[in-house]
Amino acid sequence: MYWLSSPPYVRWLIAATIVITAAFMDLSGPSTVSYPFVAEDATAGDTIVVEWRQVPAGLLPTTDAVSGMAHRDLVAGTPLVPGLVAPTGPIPADWWAIPTELPLDIAPGAEVLVTMRDPDLEVAGIVVSRGSEGSFGVVTQGVIAVPPQDAATVAAALAESRATVLFRP
């Protein structure tokens with residue numbers, strides 16, 4: 001009486017669906033997105049040259065900053081994750097650059113405030129390049145830019161140790 005039972009069409013259909021779905025998932029591969037990478041080596045404060053590469057979707061965090069100045073030294077092939085690109089634009093053309101000691105963790109493009117005594121004055125500035133670590137952890141000179149009307153006063157005050165450079169961490 002066994003030959004009178006109906007064939008297992010439902011089981012065949014389910015098995016065929018599983019095999020086709022598995023083959024499709026295996027052959028389709030992961031979805032990819034374009035992501036920005038550093039094309040050429042850049043030191044802190046340099047303009048970043050960008051190249052786009054395909055990476056699996058969700059592998060790297062999304063970023064809006066794809067052009068600007070480097071926050072720190074970058075080697076070619078580094079993905080441009082958030083925090084590596086300074087969000088501010090270039091330094092105004094008529095501003096003056098003044099060397100001064102800056103901490104290692106401050107980024108080019110960061111805003112600073114130079115406070116002075118005698119005369120009592122506060123001047124807003126922008127970091128052009130941060131100090132780099134020399135031998136035995138000594139910090140070398142960094143560079144800040146200030147407006148032209150205050151440049152001479154700020155330079156003299158920094159040279160005579162009458163000024164302090166404040167920054168937001």
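Among the residues of region 150-162, how many are closer than 9 Å to MET116 by Cβ, in contact with a Leu (Cβ under 9 Å, 6 or more places away or on another chain) and open to solvent by less than 40 Å² (accessible area, probe 1.4 Å)?
2
Can you tell me which residues in region 1-27 are modelled with pLDDT of 75 or more and small (Gly, Ala, Ser)?
Within region 1-27, ALA15, ALA16, ALA22, ALA23 qualify.
Can you tell which of VAL146, VAL114 is more than 15 Å from PRO92 (Cα to Cα), modelled with pLDDT of 90 or more, crowded, with 17+ Cβ neighbours inside 10 Å and within 29 Å of the chain's Cα centre (by Cα)?
VAL114
If we only count strands (runs of 3 or more DSSP E) wholly inside region 6-115, which ones have 1 or more residues that are basic (Lys, Arg) and more than 24 Å from VAL154 (Cβ to Cβ)?
On the way: elements: 32-38, 50-56, 96-101.
Once the strands (runs of 3 or more DSSP E) in region 6-115 are filtered for at least 1 residues that are basic (Lys, Arg) and more than 24 Å from VAL154 (Cβ to Cβ), what remains is 50-56.
Filter region 49-61 down to the residues that are closer than 30 Å to PRO103 by Cβ and at pLDDT 85 or above, then identify the one that is surrounded by the most Cβ atoms within 10 Å (Cβ to Cβ). Let's see the steps before the verdict.
Within region 49-61, the subset closer than 30 Å to PRO103 by Cβ is 49-50, 60-61.
Okay, now just the ones that are also at pLDDT 85 or above, so 49-50.
Numbers: VAL49: 13, VAL50: 15.
Top of the filtered list is VAL50.
The values are calculated or read from the model by the stated rules, or taken from the named source; none is laboratory data. Predicted model only: the values in this text are computed from it and were never measured. Counting neighbours? That spans all protein chains shown, and the Cβs are built from the backbone with ideal geometry, glycine included. All accessible areas refer to the heavy atoms of the entire protein, side chains included, with ligands and DNA or RNA removed. Shrake-Rupley method; radii C 1.70, N 1.55, O 1.52, S 1.80 Å.
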